[in-house]
Amino acid sequence: MRKNILAPSILAADFGHLENDIRETVNAGARFLHIDVMDGMFVPSISFGMPVIQSIRRCTDCTFDVHLMIEQPERYIEDFKACGADSITVHAEATKHLHRVIQQIKSCGCRAGVALNPSTPLSALDHVIEDVDMVLIMTVNPGFGGQSYIPQMTDKIRTLRRRLIKLGLETDLQVDGGIKPSTIREVLAAGANVCVAGSAVFGAHTAERTKELLAIMREYTVWETD
Ligand code: DX5
Ligand code: ZN
């Protein structure tokens, strides 16, 4: 059985106190950290890169789930592995050679994820679905934290989970964008099992908010939880 996993996104943390913010969510029970890398090309904004990831690698041993919102991610896979990534997710829209980059991620020892923007159909996964460890359904348009969940994504999540079950695959289904206490039940019920949350975790009361989301995730017994 797949586990339900909360992946706090450090994009919403205070970069002046990143280590403290990470410690707070990890001590409250988070086992994953979602790390958003943006290049100002694939998405309008620029976030951070390898030096930041390398620095925070020293403060925690939790799983680093690196979400690359960059053009031609194949240029940097080994670098992200070297600075501490455990899982690397690339966007199907960002590379001409999706199959090749998935193999590249796996051959450097990382788990491989593929992300789809809200308007990208599930058919983009057709010939790679059996090769990936995780599919990321973007539930906002990527580029910024703090946006609202796009309700049409619920059907997309449900359809994908049904397709995975039909294929006998236990692939992780991650959702990212607008996930908070008022939207998380909907995505869990539709079949998501890895929930990214940025602004709903970091800020004031990080520990309490982490615990609240973890508690909701535990209500969903279809999946084994941490
Ligand atoms: C958006 C990023 C997200 C972002 C989510 O492009 O991929 O991971 O941090 O932020 P919230 O949870 O605030 O919508
Ligand atoms: Zn993300």
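Values in this text are rule-based calculations from the coordinates and carry no lab data. Just so it is clear, the model here is predicted, and its values are computed rather than measured. Every residue, glycine among them, receives a Cβ derived from its backbone with ideal geometry; neighbour counts consider all protein chains shown.
General observations
- Three-way shape call for the chain based on the alpha-carbon gyration tensor, with the a/c threshold at 1.5: rounded
- Residues Leu11, Leu169, Leu136, arranged from fewest to most other Cβ atoms within 10 angstrom of their Cβ, appear as Leu169, Leu11, Leu136.
- Counted over the chain, the DSSP beta bridges are approximately 5% antiparallel.
- Among beta bridges that DSSP assigns inside the stretch 1-98, antiparallel share in %, nearest 5: 10
- Calculated diffusion of the stretch 124-169, Stokes-Einstein form, Kirkwood radius summed over Cα pairs, 10 °C and 1.306 mPa s, µm²/s: 132
- Note on Asp155 and Thr63: the model spin-label points, each 7 Å out from Cα along the C-beta direction, lie 3.1 nm apart.
- Over the stretch 1-116, relative contact order from alpha-carbon pairs under 8 Å, at least 6 apart, %: 21
- Here r is the Cβ-Cβ distance between Arg100 and Glu219 and R0 is 30 Å; the resulting FRET efficiency, rounded to 0.05, is 0.15.
- The stretch 5-54 and the stretch 118-182 have Cα centres spaced 20 Å apart.
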